[in-house]
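Engineer: Please see the structure below; I have some questions.
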Amino acid sequence: MSSKRILPSLAVLLVIAAAIGIFVARSANFTRAASPPAQTPAVPVSTALVVIKTVPLRLHAIGNIEPWTTVAVKALVDGQILAVHFKEGDAVRRNALLFEIDPRPFKARLAQAQANLLRDQALLERARQQQVRSQDLLARKFISPDAYEQARTNAEAAAATVAADQAAIDSARLDLEHCSIRSPIDGYAGKILIQAGNLVKANDTNALVVINQVVPVYASFSVPEQYLGQIRAHQARGDLLVQAKLAGAAQPVGGKLVFIDNAADTTTGTIKLQARFDNTDKAFWPGQFVDVAVTLYEQPNAVVAPAIAMQNGPTGQYAFVVKPDRTVELRQVRIDRVEGDDAVIAAGLKPGERVVTAGQIRLAPGTRVSLEATDDAS
């Protein structure tokens with residue numbers, strides 16, 4: 001009898017427990033449905049405005065600095081080098097003494113030529129006196145005309161010998177001067193290629209030293225041949241701006257275009273140009289590479305965005321544009337060219353739009369952003 005009473009009681013308890021469980025579960029679901037979803041934190045980014053600017057159209061090239069003048073100093077006489085009067089890398093002035101060749105053989109040759117002149121001058125004086133006497137004797141018919149002609153010929157030959165002696169003296173004196181080898185230009189000396197004590201020959205293929213004039217200098221570079229017409233037109237007007245900049249330099253240096261090659265390179269489709277730079281501060285040195293920019297004209301009303309805002313994707317270049325609701329849109333763009341830090345936009349962006357310049361790696365279309373820094377300078 002007691003077991004029959006217990007079973008209905010347990011059944012009632014189980015039904016009550018199940019009802020309580022269902023109620024708790026439904027309450028929890030209702031609470032979750034009523035709670036708002038948690039928002040994703042905004043991504044901090046830096047931005048800048050798309051602006052209208054006047055932007056120059058420049059041709060950019062890698063140039064090579066060349067000396068204004070290069071002189072390979074060589075000996076003009078044979079002999080032994082007695083002394084070197086400069087150090088490698090020295091700045092040398094025009095007519096500065098560089099090398100000294102043993103002058104003793106040339107002094108002796110000069111002395112011999114001078115002695116020959118004195119001897120032949122005496123012979124000339126005697127021949128002229130003989131000619132005068134022969135002329136007087138011919139007038140008095142004491143000698144034949146042939147005898148007089150012989151005396152006159154002897155005098156003229158003696159005069160020619162004296163002239164030859166004078167030329168020999170000039171040559172010997174010039175050779176003696178060439179024993180002192182001097183710098184023909186202002187510039188900087190390179191490595192000394194032949195040291196003191198060595199024998200040198202006149203006009204040997206090997207130079208004694210090479211001197212480069214570096215004030216001013218050239219910058220040689222090449223540009224695409226399709227710009228030749230514009231370059232020639234601006235050069236004729238005198239308004240072509242050429243600038244060169246060393247790697248790491250703060251500012252470029254202005255120069256003047258002085259040479260356009262007379263033929264384009266058929267292999268590369270480029271044409272060689274040279275620009276002159278005063279280089280009074282000697283910032284440029286022969287052999288250095290420089291970034292050269294040739295400004296053809298100024299483009300007004302160009303749509304410009306920071307170049308760092310431009311990204312590369314599978315379908316081309318794009319930028320993240322910040323919308324009024326502070327979410328970003330991925331916008332395909334077409335870039336005409338890049339000038340320094342500016343990208344000149346051909347299509348895809350409008351003036352006044354704001355583009356992301358830093359923090360793009362965490363962005364996707366629709367991502368909320370917070371503007372940590374802006375660069376709205378035009």
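Engineer: Restricting attention to the stretch 324-378, and to residues there that are among the polar types (S, T, N, Q) and either over 34 Å from the mean Cα position of the chain (by Cα) or surrounded by 12 or more Cβ atoms within 10 Å (Cβ to Cβ) (or both), which single residue is farthest from P41 (Cα to Cα)?
Structural biologist: Here the answer is Q332.
Engineer: Now, a different point. Which of the strands (runs of 3 or more DSSP E) found entirely inside the stretch 211-279 contain at least 3 residues meeting this: touching a residue at least 40 places away in the same chain (Cβ under 8 Å)?
Structural biologist: Where strands (runs of 3 or more DSSP E) fall fully within the stretch 211-279 and carry at least 3 residues being touching a residue at least 40 places away in the same chain (Cβ under 8 Å), they are 241-245, 270-277.
Engineer: Here's a check for you: in the stretch 56-87, which residue that is among the β-branched types (V, I, T) and over 17 Å from V210 (Cβ atoms) is surrounded by the most Cβ atoms within 10 Å (Cβ to Cβ)?
Structural biologist: So, considering only residues that are among the β-branched types (V, I, T) and over 17 Å from V210 (Cβ atoms), the one surrounded by the most Cβ atoms within 10 Å (Cβ to Cβ) is V77.
Engineer: While we're here: Tell me yes or no: at least one residue of the stretch 100-112 is buried (at least 18 other Cβ atoms within 10 Å of the Cβ), among the charged types (D, E, K, R) and in contact with a helix residue (DSSP H, G or I) (Cβ under 7 Å, 6 or more places away or on another chain).
Structural biologist: no
Engineer: Only residues that are surrounded by 13 or more Cβ atoms within 10 Å (Cβ to Cβ), over 32 Å from the mean Cα position of the chain (by Cα) and touching a residue at least 40 places away in the same chain (Cβ under 8 Å): list them for the stretch 172-195, please.
Structural biologist: A172, R173, D175, L176, H178, C179, S180, I181 - these are the residues of the stretch 172-195 that are surrounded by 13 or more Cβ atoms within 10 Å (Cβ to Cβ), over 32 Å from the mean Cα position of the chain (by Cα) and touching a residue at least 40 places away in the same chain (Cβ under 8 Å).
Engineer: If you don't mind, another one. Please find, among D204, D186, D175, the residue that is of a type in the set (D, E, K, R) and at pLDDT below 95.
Structural biologist: Answer to the check: D204.
Engineer: Another question, if that's okay. Do the conditions hold for V321, that is, is it more than 30 Å from Y227 (Cβ to Cβ), in contact with a strand residue (DSSP E or B) (Cβ under 7 Å, 6 or more places away or on another chain), buried (at least 16 other Cβ atoms within 10 Å of the Cβ) and free of Cβ contacts under 8 Å to residues at least 40 places away in the same chain?
Structural biologist: yes
Engineer: With the condition being of a type in the set (G, A, S), I'd like the strands (runs of 3 or more DSSP E) fully within the stretch 76-182 carrying at least 1 qualifying residues.
Structural biologist: By residue number, 79-84, 180-182.
Engineer: Which ones in the stretch 300-314 are surrounded by fewer than 16 Cβ atoms within 10 Å (Cβ to Cβ), in contact (Cβ under 8 Å) with a residue 60 or more places away in the chain and more than 15 Å from A346 (Cβ to Cβ)?
Structural biologist: P300
Engineer: Here's something else I'd like to know. From the list Q235, Q230, Q213, exactly one residue is within 30 Å of Q274 (Cα to Cα), surrounded by 13 or more Cβ atoms within 10 Å (Cβ to Cβ) and in contact with a Pro (Cβ under 6 Å, 6 or more places away or on another chain). Which is it?
Structural biologist: Going through Q235, Q230, Q213 in turn, the sole match is Q213.
The values are calculated or read from the model by the stated rules, or taken from the named source; none is laboratory data. Predicted, not measured: the structure shown is a model, and the values here were computed from it. All Cβ positions, glycine included, derive from the backbone under ideal geometry; neighbour counts span all protein chains shown.
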